[in-house]
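This is the structure I have questions about; it appears just below.
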Amino acid sequence: METLVENRWYTQDFIEPWWTPDDYQNFEYTQVPFNDPVQQAEWKNWGFNHFEPGELYGMPNDEPSFLKGFKEAFQWKHWSWQLYRMMPGTTIPCHSDTYEKFREVYGVVDPNTIWRAVVFLEEWQSGHYFEIDGTNLSYWKKGDFVVWQNAVKHLAANLGQTPRYTIQITGVIDNDMPEVTDTPEETDQGEE
């Protein structure tokens, strides 16, 4: 499914999983505050008095070996990654990503060339929620992903009983729609 939102695209797709929970669950995830005070003020106006956007493990840490397959699948310029864990009770209200650090590190001038993918690392579980441009995504399968361009609004929550794990991949695409290749045939990881 491809959808055009205010001249910005998002799409949903699937890659065959090669990763296991041991590949992503045992890192030291860190709580990182959301970096857009304008959106935080808007959330307070909506009635959100407390928000914790989840925990990250990613750049500039050493790259885990299982990410090789993601690099092969998402062959984007200025490829970056963050593992994202949402513990039960965690929410991040509707927002657009700023890509502030990404733009600074890679010298990206035109934000419309920036794309983000969120890959669901596990099967959907009750209470795990993701929404993009007002469309609820639930009942996802391990390996389902959504890709969007720049400023598409989205939100996430974990109202369940177990952590929710995703990987966020960010990169630059010079054409209108990113290509995502099939899952790599050979990786250093075993298959499930």
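The values are calculated or read from the model by the stated rules, or taken from the named source; none is laboratory data. All of these numbers come straight from a predicted model, not from anything done at the bench. Quick reminder, even Gly has a Cβ in these numbers, built from the backbone with ideal geometry, and neighbours come from all protein chains shown.
Scan Ser138, Ser80, Ser65, Ser96 and give me the residue that is among the hydroxyl-bearing types (Ser, Thr, Tyr), more than 16 Å from Val172 (Cα to Cα) and in contact with a Ser or Thr (Cβ under 9 Å, 6 or more places away or on another chain).
Ser65
Does Phe51 meet the test of being among the aromatic types (Phe, Trp, Tyr) and closer than 30 Å to Asp174 by Cα?
Spelling it out, it is not the case that Phe51 is among the aromatic types (Phe, Trp, Tyr) and closer than 30 Å to Asp174 by Cα.
Could you check, for segment 101-111, whether at least one of its residues is within 16 Å of Gln12 (Cβ to Cβ), in contact (Cβ under 8 Å) with a residue 12 or more places away in the chain and not small (Gly, Ala, Ser)?
No, segment 101-111 contains no residue that is within 16 Å of Gln12 (Cβ to Cβ), in contact (Cβ under 8 Å) with a residue 12 or more places away in the chain and not small (Gly, Ala, Ser).
Moving to a separate point now. When you look at Thr98, is it under 15 Å from the mean Cα position of the chain (by Cα), surrounded by fewer than 20 Cβ atoms within 10 Å (Cβ to Cβ) and within 22 Å of Pro60 (Cα to Cα), yes or no?
yes
For segment 42-80, name all the residues that are farther than 28 Å from Leu159 by Cβ and charged (D, E, K, R).
Passing the criteria: Asp62, Glu63, Lys68, Lys71, Glu72, Lys77.
Restricting to segment 134-180, and then to whatever is at positive phi and surrounded by 16 or more Cβ atoms within 10 Å (Cβ to Cβ), can you tell me which residue is modelled with the lowest pLDDT?
Asn150
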